[in-house]
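What follows is calculated from the coordinates using simple rules that are stated; it is not laboratory data. In this text the structure is predicted, and so the values were computed from the model without any measurement. So basically every Cβ, Gly included, is an ideal-geometry build from the backbone, and we count neighbours across all protein chains shown.
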Amino acid sequence: MRRESRVILALDEVRPERAFMVAERTADVVDAIKINWPLVLATSPETITRLAGLAPVICDFKVADIPNTVSLIVSQAMGRGAEGVIVHGFAGSDSVRAAVEAAGSGKIFVVTEMSHPGGAEYTAPVAGSLARMAVRCGAAGIIAPATRPERLAALRREVGPLLILSPGVGAQGGSASEALRMGADYVIVGRGIYGAEDPREAALRVVREAKAVSLP
């Protein structure tokens, strides 16, 4: 995955023409495009392949199932060109290991703490444990909230050099610059880019903010 802008586009747009237009206009600006079930359901799994021709694709499927099912989902995503898949850690270490094995040379990112207010209820109390499990299982990185930057710093101490992808920038109130200063490797921005009148300029604004933060 590139590490030039440190910005990942969360392409949760469900209008196909609009989604592909946004992707085409921002693919050279962001380091990756993250897609979730809304876009895949509005189009088809082949969307993974189409977008992978523009930029690295992370499938934010938040997989949480028994190891065999996890393996099947991850294998299908990777086979269509995804560079990474996001999985939940609460399904257990056997499921996370199955994801890592199925990914091969691809990347698995483990959700430790979600960025919305409800994330503080159940994921936050066990986030440290989930982060340590991600390390043990050989994951490439974790997902940690830009909306609670102090938690980013704490989770960075748990995972060492693993990648931290941080959602919640923009519409949810998180700051790209603060998240990067507190330990994120990448910030994830969705509505602030794909919902903008000029998605490319919106992406460039976030990129300029991110690049103003000194790399660790």
message: Condition first: of a type in the set (A, V, I, L, M, F, W, C), closer than 21 Å to GLU197 by Cα and surrounded by fewer than 21 Cβ atoms within 10 Å (Cβ to Cβ). Now tell me which residues in region 22-50 satisfy that.
response: ALA27, VAL29
Residues satisfying the stated conditions in region 184-201, i.e. crowded, with 18+ Cβ neighbours inside 10 Å, within 16 Å of PHE20 (Cα to Cα) and in contact with a helix residue (DSSP H, G or I) (Cβ under 7 Å, 6 or more places away or on another chain): ILE193, TYR194, PRO199
message: Going residue by residue through region 127-134, is there one that turns out to be under 29 Å from PRO45 (Cα atoms), touching a helix residue (DSSP H, G or I) at 6+ places or on another chain (Cβ under 6 Å), part of a helix (DSSP H, G or I) and of a type outside the set (Gly, Ala, Ser)?
response: no
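Checking the structure you have, find out if any residue of region 113-122 is among the charged types (D, E, K, R) and more than 24 Å from GLU178 (Cβ to Cβ).
Scanning region 113-122, I find no residue that is among the charged types (D, E, K, R) and more than 24 Å from GLU178 (Cβ to Cβ), so the answer is no.
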field: Filtered residue count, region 136-149, keeping only those that are more than 17 Å from ILE188 (Cα to Cα) and either of a type outside the set (A, V, I, L, M, F, W, C) or buried (at least 24 other Cβ atoms within 10 Å of the Cβ) (or both)
entry: 3
- prompt: Is region 23-35 home to any residue that is under 18 Å from ALA139 (Cβ atoms), touching a residue at least 40 places away in the same chain (Cβ under 8 Å) and among the small types (Gly, Ala, Ser)?
  reply: yes
